[in-house]
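First the structure, in the form of structure tokens, and then the observations on it.
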Amino acid sequence: MVGAFATTEPEASSDLSPQAIRTVAVQHGDTWILNGRKRWISNSPVAGFIVTLARTGDRLSMFIVDTTLPGVRVGEPDQKMGNRGQLTADVWFDDVELTQASLLGGEPGHGLRHALATLTLGRIGIAAAGVGMAQAAFDHAVAHLSTREAFGRKLAANQHWQFLMADRATEIENARNLYLKAALRRDAGEIFPEPEASMAKFYGSRLAVDMARDAVQAFGGLGFARELSADGTPGPVEAIYRDSKIGEIYEGANEILKWVIARGIFGKEITG
Ligand SMILES: Cc1cc2nc3c(=O)[nH]c(=O)nc-3n(C[C@H](O)[C@H](O)[C@H](O)COP(=O)(O)OP(=O)(O)OC[C@H]3O[C@@H](n4cnc5c(N)ncnc54)[C@H](O)[C@@H]3O)c2cc1C
């Protein structure tokens with residue numbers, strides 16, 4: 001069964017405080033009645049259940065919501081600049097009746113902790129995806145720079161590209177080590193392997209965008225192409241450029257992750 005995870009709403013995402021969340025679950029005897037709307041929910045058009053963050057009183061809780069229940073409606077998939085294999089949509093909950101067993105963890109009020117634990121794990125995955133995209137763009141660029149000639153020599157004979165690729169190779173190695181360190185800490189049982197999880201995600205996702213942009217530049221006009229009409233040559237790197245951008249935004253936007261890291265440096269009293 002495909003699952004989805006829903007914290008984001010039209011008016012709330014980076015800020016997941018109870019004051020910001022408008023999806024509400026109210027207890028009536030043995031049941032909970034869920035009302036609200038979520039946005040950008042990955043997999044929701046094909047999901048069998050959606051783990052959903054809702055306000056319960058003045059705290060937050062998570063509910064496992066069966067998408068076949070009356071009152072659950074999933075919208076049409078969004079049209080995005082990239083990552084099109086990942087379907088996202090709005091989800092509406094209109095007086096959805098949930099059993100007590102739907103409450104994740106069995107007790108209300110622990111939703112934010114569940115959500116942040118899930119997002120922290122997700123960040124490690126996004127970091128790994130960033131490294132993968134950076135590596136793919138890097139490999140394409142190396143192949144092109146080693147074969148394409150201008151001014152009677154290979155592009156890679158120019159020190160500009162040598163230095164740039166030496167920088168990127170070092171950064172990719174750093175990014176890989178960071179997410180592996182976070183993943184090893186998580187595997188060892190730490191639910192919040194910070195600051196490495198946040199560092200790995202912001203560093204790896206930013207690197208993917210930077211490396212993809214460099215690869216587009218290295219390929220020149222062909223870097224900008226989706227497909228050449230003359231002979232159907234596919235654009236080798238433009239999809240990586242489009243797909244990489246979302247890594248800087250979802251699973252905690254990179255500015256929020258730097259805030260998390262800064263909290264560890266200066267303390268919450270100063271950073272908020
Ligand atoms: C393709 C895609 C898939 C997604 N999948 C899911 C999913 O499955 N489930 C889910 O719940 N959500 C999902 N999301 C939502 C995603 O997590 C949010 O878009 C993301 O957290 C950013 O929230 P926002 O869009 O509301 O931007 P906002 O919170 O409005 O932020 C806008 C910008 O302001 C910045 N900002 C905000 N506060 C501060 C601050 N204090 N200081 C400095 N800068 C700040 C942010 O970093 C960001 O750059 C998905 C989004 C996309 C596009």
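Every read-out reported here was derived from the displayed coordinates using simple, explicitly stated rules and does not represent laboratory data. If you're wondering where the values come from, they're calculated on a predicted model, not measured in any experiment. In this analysis, Cβ positions are derived from the backbone assuming ideal geometry, glycine residues included, and neighbour counts consider all displayed protein chains.
Overview of results
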| read-out | value |
| --- | --- |
| GLU11 paired with LEU228, simple spin-label distance in nm, labels 7 Å along Cα-to-beta-carbon | 5.3 nm |
| Relative packing of 236-243, 193-200, 253-260, which averages over residues the other C-beta atoms within 10 Å, highest first | 193-200, 236-243, 253-260 |
| Three principal axis lengths of the chain [C-alpha, angstrom, descending] | 80, 48, 30 |
| Gain on full stretching of the segment that runs from ILE261 to ASN177 - 0.36 nm per residue minus C-alpha separation | 28.5 nm |
| Fraction of beta bridges assigned by DSSP in the stretch 3-109 that are antiparallel (%, nearest 5) | 85 percent |
| FRET efficiency, 1/(1 + (r/R0)^6) with R0 51 Å, evaluated for HIS160 and ALA101 via beta carbons | 0.25 |
| Environment charge at ASP210 (Cβ cut-off 13 Å; Lys +1, Arg +1, Asp -1, Glu -1) | 0 |
| Estimated Rh, the stretch 1-79: Kirkwood, alpha-carbon pairs, angstrom | 12.9 Å |
| Spatial extent of the stretch 112-271: Rg and Dmax, with the Cα atoms as the point set, Å | 18.2, 61 |
| The chain: angle of helix 111-147 to the longest principal axis, Cα-based, in degrees nearest 10 | 10 degrees |
| Calculated FRET value between ALA117 and ALA150, using beta carbons and R₀ = 51 Å, to 0.05 | 0.50 |
| When the stretch 43-174 is reduced to its Cα atoms, the Kirkwood hydrodynamic radius in Å | 19.0 Å |
